[in-house]
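Only one structure is covered here, and it is reproduced in the block below.
The values are calculated or read from the model by the stated rules, or taken from the named source; none is laboratory data. What you see is a predicted model, and the numbers here were worked out from it, not measured in a lab. Virtual Cβ from ideal backbone geometry, glycine too; neighbours counted across all protein chains shown. Heads up: the accessible areas ignore ligands, DNA and RNA and are worked out on the full protein's heavy atoms, side chains in. Shrake-Rupley method; radii C 1.70, N 1.55, O 1.52, S 1.80 Å.
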Amino acid sequence: MPSRPASRPVFHLVPNAHLDPVWLWDWREGLNQGIATCKSVLDLMDEFPALTFIRGESAIYEHVKARDPETWKRLAKRIKEGRWDVVGGTYIQPDHNLPSTETLFRLYAKGQAWFQANLGKTAKSAWSADPFGHSMGIPEILADCGMENLAFSRPQENLFSIPNPAFYWEGASGRRILCYRVPVGWYGCERDEIPRRLDGALKYSAEKKQGIMGLFVGLGDHGGGPSRRQLLDVQAWAKAHPEVEVRFSHLTGLFSALRAAEKAGAKYPVIKGEINYCLRGCYASVARFKFPYRKAEAEVLRTESAAAALSAAGLAAKADLGAAWKSLTFNAFHDIIPGSSIERAYEDQIASNGVAIHQAQGAANDALLDLARKIDVRVPEPGADQPSAIPFVFFNPHPWPYRGMLEMEASMDDRPLWAHRGKPEECRIELRAPDGSLRPWQRIESESEVCLDIPWRRRIVFPAEIPAMGWAVYSMGWVEGARQVTAKGADAGAPSPESIRCGAWAVEAKAGGEAVSLMRDGKPLLDGKGLGAIVVDDPWGSWGGMGEEKESFDFSTLLETWKIDGVEVLEKGPLRAALWVRFCGKNSRLELTFRLEGGRDAVDLEARVFWNERGARLKLVLPGMDEARFDVPGGEIDRGAVGEVPARRQVVGKRFGFASDSLASYEIKDGALRPTIVRASRYATEKRHAAAEQPWKPAVDAGELRFRAVLAPGGADWTRLAQELEKPPLVALCPYKKWSGKGKAAGLPPSASLLFLENPSIEFSALKPAEDGKGFALRLQNRGRSAQTVKAVWQGKPLKLGALKPLELGTWRLVKSKTGWTAKRDKGIS
């Protein structure tokens, strides 16, 4: 393990200026400080000819170039000389546990594309100075993006032991990244700390037989970089210690030395799995930002995939999602998405989530209307002075067929149907499938309470089928005397005022109880009484325990067990049944709507939380789980009862699984899965606070929060369940072209597929335009336990993609030529 060469030890001092663009300040101050820091470092470089420097995050470079061209010219000169090392490769320095796999890829794609275009080079060394732990999928993502090295500082040795500062981190597919964790100190240092830091490094080097030491120098956090005093102290210490070679270096120099030592015989250990945990409170802090961020990610990704598939087929224009991706990648920063910034900063970043969502929604609508103009959209010819039926085009953003319930709501006419006033049930509608056949539907409550006794708006739920990564046109219209089509096997219903059933499933809740019973085939899905809600004591700050105190991630002090004080059947079938249940505590409440659908082996959940607590945490309790497989960025990992841990979409045990479109913090405790819904900490605080302490300071997340979830047996197809939960089919009302049965077909069929993946365990990550505009990029991951040859059908023809190892991520570039489409394996930044 030692990396000592035959000569004296070499200390690679790496000057840096870790800069949080958002933290105890807003993004304007953060980016502007980036300019000031760069100017300061450049001035010192003029004064100290040996001084080197590293800088990551293309967002900072972009800001410097745009707002201070003179400083940019000086900076570019130092890069060309090799004294200024471009590192990181990302747009900003992201969290490594909370963003989606695809968002992490885009951080590298966006950053490296900027570096290549503006500097003629890309980074080779990833730089994670401050993120709070690292998912097991990070090596896969880095390797696929062409990164060779990773330097980081958290979690420290006392939280996660590694036998050597230099080591290889091996991903699940066997790909490796050479890593270096700061062994002495951290990425920054105090103004007077250099002599002590170097003394500590000398001692460590001797004790651990380390011939190559990487040490990081700079003031840190708010930029600043190294100070003049620090540089003079380095010179003085080096002069007093001739037994050590002290050199100003950078990540390129450090990793080059480590690789040279390896060639000379040094051996580095190999680490597998995740490098976690630290600062676990961040997995749940500031849900009012996290929830819309997850929504924005899903909205942008499903729009991008649909628009890319359509534009590749010549059916829609390419979507402009630049502002959306800028928002998503910036907000993946490791003090934004974890919930550790000030309240004022979150007002800005929550607004930017809205930018991403709005741009994605507009792009999706444009793409679907482009498609609709090319489809032979037909509806039945209406009677005299009757409105025509209303067609909707649905698009499935997944490369497998969608089969399930969908909702539609539309106005049956431009004005209320006055002839049916007081008799809304007499207003009959027809629902027609893409082939023109009549289909069953169930009326559900409209989203408004306008004209309740006069038919006008009609909202329905119906069983739909949409081809893989394709479209289907359904229409609904008012037809006097229309016959209701009966669904085969539709048995959703409400046996009592406190229960619903459908197929193998039954859900029941009783006022005054503490749990909701979920039954499948007459047996409880969960142990004990069923699904419950509790509030536990959580006086910890934004990050949780700064010292990883057990009490900060293993919550044992129960404050409240919430009771059910309201139960109501909302939908009685026959296609879907719904049960509303309200849990209440002293100051807060949780409203859950359970839905059962015909043909679906799962329970769907919609949640609305009204939270008014301080120093507390709300958890669901799902008894019947001791260990589970957690979905994480870049892969999945098995965990047991190890306290609060991060997860992305789903947590799946042998007996049951749970997926959410918003939650990210879970624990397994006392034989139960306990997802955290929300915690009431303070903004940007390291301190513990009693609930009644400083009542004038706002508690985070007071107010209303909403999320969706699904519960199903552990053996369900969780890849599809979780992805369809996050990214349901897109839909747009579209104009019709002709009456049914009249004239020749004009355009595309009302239902078709563009991309189909035959392998159930191959997870679809993205389909997007290539960064350089040459073709499209398709990204997949093998979530199976054995190597698989990917079987794909693209625009009706087989697409040769090759094989993926277990949990391997792969990116292909799809290019169209005169002879058809070809697929070639490419880097993840393409």
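Count of the stretch 201-235 residues, restricted to those that are assigned to a loop (DSSP other than H, G, I, E, B) and more than 20 Å from Lys39 (Cβ to Cβ), is 3. Selection of first residues in the stretch 530-546 that are charged (D, E, K, R) and of second residues that are open to solvent by 10 Å² or more (accessible area, probe 1.4 Å), restricted to Cβ pairs under 6 Å at least 6 apart or on distinct chains, gives the following pairs, ordered by first then second residue: Asp537/Thr557; Asp537/Leu559. Could you tell me whether the stretch 673-680 includes any residue that is among the hydroxyl-bearing types (Ser, Thr, Tyr) and farther than 16 Å from Leu622 by Cα? No, there is no match, as no residue in the stretch 673-680 is among the hydroxyl-bearing types (Ser, Thr, Tyr) and farther than 16 Å from Leu622 by Cα. When Trp580 is tested against (1) in a strand (DSSP E or B); (2) touching a residue at least 24 places away in the same chain (Cβ under 8 Å), only condition (2) is not met. Reported count of residues in the stretch 148-161, each being open to solvent by less than 40 Å² (accessible area, probe 1.4 Å) and either in a strand (DSSP E or B) or within 22 Å of Thr252 (Cα to Cα) (or both), is 5. Please go through the stretch 170-188 and pick out each residue that is in a loop (DSSP other than H, G, I, E, B) and closer than 26 Å to Glu262 by Cβ. The answer is Gly171, Ala172, Ser173, Gly174, Arg175, Val182, Pro183, Val184, Gly185, Trp186, Tyr187. Of the residues in the stretch 203-210, none is open to solvent by less than 60 Å² (accessible area, probe 1.4 Å) and either under 30 Å from Val678 (Cβ atoms) or of a type in the set (A, V, I, L, M, F, W, C) (or both).
Residue pairs whose Cβ atoms lie under 8 Å apart, separated by 6 or more positions or on different chains, with the first residue in the stretch 584-605 and within 26 Å of Asp521 (Cα to Cα) and assigned to a loop (DSSP other than H, G, I, E, B) and the second at pLDDT 95 or above and of a type in the set (Asp, Glu), do not occur. Across the stretch 372-397, the number of residues qualifying as under 27 Å from the mean Cα position of the chain (by Cα), outside any strand (DSSP E or B) and within 13 Å of Ala433 (Cα to Cα) comes to 0. Filtered by the rule that a residue be in contact (Cβ under 8 Å) with a residue 24 or more places away in the chain, part of a helix (DSSP H, G or I), of a type outside the set (Phe, Trp, Tyr) and open to solvent by 10 Å² or more (accessible area, probe 1.4 Å), the stretch 98-131 gives Thr101, Arg106, Lys110, Ala113, Asn118, Leu119. Checking the structure you have, find out if any residue of the stretch 123-133 is closer than 18 Å to Asp826 by Cα and touching a Cys at 6+ places or on another chain (Cβ under 8 Å). No: the stretch 123-133 contains no residue that is closer than 18 Å to Asp826 by Cα and touching a Cys at 6+ places or on another chain (Cβ under 8 Å). Scanning the stretch 6-35 for residues that are open to solvent by 50 Å² or more (accessible area, probe 1.4 Å) and either at pLDDT below 95 or of a type outside the set (Lys, Arg) (or both) gives Ala6, Ser7, Arg8, Leu24, Trp27, Glu29, Asn32. When the strands (runs of 3 or more DSSP E) confined to the stretch 729-811 are screened for residues that are touching a Lys or Arg at 6+ places or on another chain (Cβ under 6 Å), buried (at least 20 other Cβ atoms within 10 Å of the Cβ) and touching a residue at least 12 places away in the same chain (Cβ under 8 Å), those reaching at least 1 such residues are found at 762-769, 776-782.
Of the residues making up the stretch 478-496, those that are of a type outside the set (S, T, N, Q), within 21 Å of Leu596 (Cβ to Cβ) and exposed (fewer than 11 other Cβ atoms within 10 Å of the Cβ) are Lys488, Gly489. Is it true that some residue in the stretch 189-200 is touching a Gly at 6+ places or on another chain (Cβ under 8 Å), open to solvent by 20 Å² or more (accessible area, probe 1.4 Å) and in a helix (DSSP H, G or I)? Yes: one or more hits. For the stretch 272-290, the set of residues classified as surrounded by fewer than 21 Cβ atoms within 10 Å (Cβ to Cβ) and either assigned to a loop (DSSP other than H, G, I, E, B) or not charged (D, E, K, R) (or both) consists of Gly273 only.
Anything in the stretch 587-614 that is of a type outside the set (Gly, Ala, Ser) and closer than 16 Å to Val567 by Cβ? List them, or say none. Residues satisfying the conditions are Arg589, Leu590, Glu591, Leu592, Thr593, Phe594, Arg595, Leu596, Val603, Leu605, Glu606, Arg608.
The lone criterion from (1) touching a strand residue (DSSP E or B) at 6+ places or on another chain (Cβ under 6 Å); (2) over 15 Å from Lys768 (Cβ atoms) left unmet by Ala308 is number (2). State which residue pairs qualify: first residue farther than 20 Å from Pro729 by Cβ and inside the stretch 452-463, second residue polar (S, T, N, Q) and not in a strand (DSSP E or B) in any location, beta carbons under 7 Å apart, and separation of 6 or more residues or different chains. Close Cβ pairs (under 7 Å, with a partner that is polar (S, T, N, Q) and not in a strand (DSSP E or B)) amount to Arg457/Ser446; Arg457/Ser448.
For Trp400, the conditions (1) crowded, with 18+ Cβ neighbours inside 10 Å; (2) at pLDDT below 95; (3) part of a loop (DSSP other than H, G, I, E, B) all hold with the exception of (2). Quick test for you: out of Glu465, Glu445, Glu425, pick the one residue that is modelled with pLDDT of 95 or more, within 24 Å of Leu596 (Cβ to Cβ) and of a type in the set (D, E, K, R). After ruling out the rest, the residue left standing is Glu465.
Applying the condition of being touching a Phe, Trp or Tyr at 6+ places or on another chain (Cβ under 8 Å) and aliphatic (A, V, I, L, M) to the stretch 162-188 and asking which residue is surrounded by the most Cβ atoms within 10 Å (Cβ to Cβ) yields Ala166. Scanning the stretch 300-340 for residues that are part of a loop (DSSP other than H, G, I, E, B), of a type outside the set (A, V, I, L, M, F, W, C) and either open to solvent by 10 Å² or more (accessible area, probe 1.4 Å) or farther than 16 Å from Pro99 by Cβ (or both) gives Gly314, Lys318, Asp320. Screening the candidates Glu445, Glu426 for the property of being among the acidic types (Asp, Glu), more than 41 Å from the chain's Cα centre (by Cα) and within 24 Å of Ala492 (Cα to Cα) yields one hit, Glu426.
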